[in-house]
Amino acid sequence: MGDRVKVSDPEKLALLYERFRDVCLVEKEVWKEIFMPRDVSQGPVRTNIQDRYEVEVDDPAIEDTLDVNIPRGSAALGAAIQEYREHISFFRRT
């Protein structure tokens, strides 16, 4: 089993929060794992290879709040994610 690396890069976090919102809207539940296309700086890109990120929400009440906002749509869920982003962490598997 691989090690976990907490994501702290602001640009990557912005993409992960957006991906988290989109995945929650499609699946209608707060997800614990999301996938993002792998960053490749050079050479051909294999689109079937993705990085796996574990999602941790450190407070069950906040997770419940996020869950309640899912049926309200993208804007409401996005606002809730932004409000509580300090409680949502992403860990990339290495």
Where the second residue is assigned to a helix (DSSP H, G or I) and open to solvent by 70 Å² or more (accessible area, probe 1.4 Å) and the first is within 11 Å of C24 (Cβ to Cβ) and lies in region 60-73, which pairs have Cβ atoms under 6 Å and are six or more apart or on separate chains?
none
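Table: residues versus (1) open to solvent by less than 100 Å² (accessible area, probe 1.4 Å); (2) in contact with a Lys or Arg (Cβ under 8 Å, 6 or more places away or on another chain); (3) at pLDDT 80 or above.
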residue: G2; (1), (2), (3): yes, yes, no
residue: V5; (1), (2), (3): yes, yes, yes
residue: E18; (1), (2), (3): yes, no, yes
residue: R21; (1), (2), (3): yes, no, yes
residue: W31; (1), (2), (3): yes, no, yes
residue: P37; (1), (2), (3): yes, no, no
residue: G43; (1), (2), (3): yes, no, no
residue: Y53; (1), (2), (3): yes, yes, yes
residue: A61; (1), (2), (3): yes, no, yes
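The values are calculated or read from the model by the stated rules, or taken from the named source; none is laboratory data. None of the values given here were measured: they were computed from a predicted structure. Cβ sites come from the backbone with ideal geometry, for glycine too, and all protein chains shown count toward neighbours. These area figures cover heavy atoms from the full protein model, side chains too; ligands, DNA and RNA do not enter into them. Shrake-Rupley method; radii C 1.70, N 1.55, O 1.52, S 1.80 Å.
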